[in-house]
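What follows is calculated from the coordinates using simple rules that are stated; it is not laboratory data. Computed from a predicted structure; not experimentally measured. Glycine also receives a Cβ, built like all others from the backbone with ideal geometry; neighbour counts cover every protein chain displayed.
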Amino acid sequence: MAEFIQILISGLSAGSIYALAAVGFTLLWQASQTINFAQGEFVMLPAFFVLALTVKLGLPLPLAIILAIFLSVLLLGAVFKKLVVEPMIQHGTLPLVIATIALGLLLKEGVKEFYSPLGQPFPSLFPQDVLSVFGAAVSIPDIANFVIAMGTIIGLQLFLARTRTGRCMQATAQNPDVAQILGVDIKKMVLYTFLINGALAAIASVLITPIYLAKFSNGEVLGLVAFIAAIVGGFNQIRGALVGGLLIGVIDNLSAGYVSAEYRQAVPMLLLIFVILVRPQGLLGTSEGRAV
Amino acid sequence: MLELKDLHGGYGKIQILNGTSFKIPPASITTVIGPNGAGKSTVFKAVFGLLNITSGQILMDGQDVTRRTPKQMIDAGVTYVPQGRNVVPQLSVYHNLELGGITSNNQARVRDRIEQVMDQFPMLRQFKDRKAIELSGGQQKQLEVARTLLLDPKLILIDEPSIGLSPNLVQEVFRTLQALRDQGVTILMVEQNAKSALAMSDYGLVLELGQTRMHDAADKLLADPRVGHLFLGGHIEEEETA
Ligand SMILES: Nc1ncnc2c1ncn2[C@@H]1O[C@H](COP(=O)(O)OP(=O)(O)OP(=O)(O)O)[C@@H](O)[C@H]1O
Ligand SMILES: [Mg+2]
């Protein structure tokens, strides 16, 4: 039982970070039909911003993190939209998908080439202590990661639901034609979505990288997991992406703990296949989620 | 109030409006009729800044408003209710109404107006917390009509409001429009339901192939045999040459 609780909590913790990436992925899809196959690299990269700022420039960690989030919002949000999405979407969804795949490769190889091909230690943000909960040893970073990731997603949900700007963003995603005729500045709303995705990726990056090392290839698994979590959750709902992320985190950790660490990689894939077969619209998805 | 002068325009390279011209007076209801594909909806899009206009002019109260953006047209006092369903499906009825006043700098006033239109359309108050997608087609249309009133527009462009509405609700919407006209609002409407629409309108306008074919007092058009013929599927030219 103690072991189960332990595994469950670290699964939820990892899953909530996956959910950050999956939520961003879903938001971009809703707002601009962008399927961002560079999302994994978007989560890989900000950790290197932090490293560059701390190791190379000697800035203190908290400041470096704030700057890295800022840089991500700018580069992975605004610049990505301007230089990749806007020119490519005019040619259709498929060219854009290919462009994001290319961008992912570019970011990956760029970090490998210009920073390092080796995994870099990344400072942990929280004390590495262990708390005892019902006899289970629960790590403080796990709990802190979970709280921050969930807090971010809940905050985002509240922003979208409770503020007028958030509702304008929803209107733009759900029915851009109507949003436009009512005078919503739909271009600005789509831009906000990209900025938010940049911030979500950066937060996910600084939370997840201390668990592993900062490495150019970190995006491979993360991107896949975010993609699967988004599909499992229904692709058109933030709540779905959240549930998808948590589910993958928990199942992944449970299978690593009880089945085999070797096969854990296959587990999200199995979940994906299962969901596609049983509930093609996703766990929480609705077939009429998008009215055009 | 609104004047179109020899308007040309279309979608991409496809020309739909071929010199549309007409002028409608303030505080009046004008119904636009014409066969499918005549360009009725396209005229509305042109006025509201949603069409690529190649030449011609749109004037409002004598002022040139050609090629304005939708936002600028809203600020100039125009609202537009397109054909079909036009709600934000997952937002509540209340929040759909709120979007109708989203461009206003006075949100307190918008909230008051929402209360007033909910008095006018009690169904909306009853379902204000439901998602818009959960309303029936007729209820969604009422929501759209109500939403268009929040900014107290001077000119309402309303495209086929009666589709999907029961005859009772159609009359209800028509009465709402007439009441607005009596308050000084100008209304330009497209209706398939030509007989009952002309019967409640001041003027009628027949559009064909992107050009104004007839424009007269509504009762005159109603009595015109060529209009009757048009609705049996013919063309005006055939009638004229016959
Ligand atoms: N977005 C678009 N892109 C290209 N062509 C369009 C577009 N919208 C309409 N058209 C074409 O423009 C022409 C006029 O369309 P419009 O919708 O204005 O007709 P309408 O008179 O409103 O017809 P209906 O009675 O069917 O509503 C049609 O031939 C239509 O196919
Ligand atoms: Mg039409």
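Please identify the DSSP H helices in chain A that span no less than 27 Å along the helix axis (Cα) and have a mean Kyte-Doolittle hydropathy of 0.0 or more.
A:2-32, A:93-114, A:140-162, A:186-208, A:238-258
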Original post:
Mean separation of Cα pairs under 8 Å and 6+ residues apart, divided by the residue count of region B:85-143: what relative contact order is that in percent?
Top reply: 55
**OP:** Could you check which residue among A:46, A:210, A:127 shows the biggest mean-square fluctuation in a GNM of chain A with a 10 Å Cα cutoff?
**Re:** A:127
Subject >> For A:152, B:186, B:54, order by how many other beta-carbon atoms lie within 10 Å, fewest first >> reply: B:54, A:152, B:186
Subject >> Helix-derived mean residue ellipticity, 222 nm - over chain A, DSSP H n ≥ 4, -39500 (n - 2.57), to 500 >> reply: -22000 deg cm²/dmol
**OP:** Would you mind checking the pairs B:128/B:195; A:82/B:131; B:45/B:131; B:13/B:40; B:40/B:141; A:82/A:215 and listing those with alpha carbons more than 29 angstrom apart?
**Re:** B:128/B:195; A:82/B:131
Original post:
Taking every eigenvalue of the Cα gyration tensor of region A:17-216, multiplying by 5 and rooting it, what semi-axes result, largest first, whole Å?
Top reply: 31, 22, 14
Original post:
Is the shape of region B:124-165 best called rounded, prolate or oblate, per the rule: a/c under 1.5 gives rounded, else a/b larger than b/c gives prolate, else oblate, with a ≥ b ≥ c the square roots of the Cα gyration tensor eigenvalues?
Top reply: oblate
Subject >> Estimated distance in nm for a label pair at residue A:3 and residue A:129, the labels positioned 7 Å out from Cα along Cα-to-Cβ >> reply: 2.7
Subject >> Proximal aspartates and glutamates to residue B:71, defined as alpha-carbon separation beneath 12 angstrom and excluding residues fewer than eight positions away on the same chain >> reply: A:185
Subject >> Two-site label geometry, residue B:18 and residue A:266: point separation in nm, points 7 Å out along Cα→Cβ >> reply: 6.6
Original post:
When you look at the Cβ of every residue in B:83-96, what mean number of other chain Cβ atoms sits within 10 Å?
Top reply: 5
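Normalised by the number of residues in region A:17-216, what is the relative contact order in percent for Cα pairs under 8 Å and 6+ residues apart?
Relative contact order comes out at 41 percent.
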Subject >> Ratio Rg/Rh, restricted to chain B and using Cα atoms, in which Rh is the Kirkwood radius >> reply: 0.97
Original post:
Size of the protein assembly as shown along its principal axes in angstrom, Cα-based, largest extent first?
Top reply: 88, 47, 45
**OP:** For region B:22-95, just list the percent of Cα-Cα distances falling in each 10 Å bin from zero outward, please.
**Re:** 15, 44, 31, 10, 0
Original post:
Which FRET efficiency value, to the nearest 0.05, is calculated for residue B:36 and residue B:57 with the Förster distance at 35 angstrom and r the Cβ-Cβ distance?
Top reply: 0.80
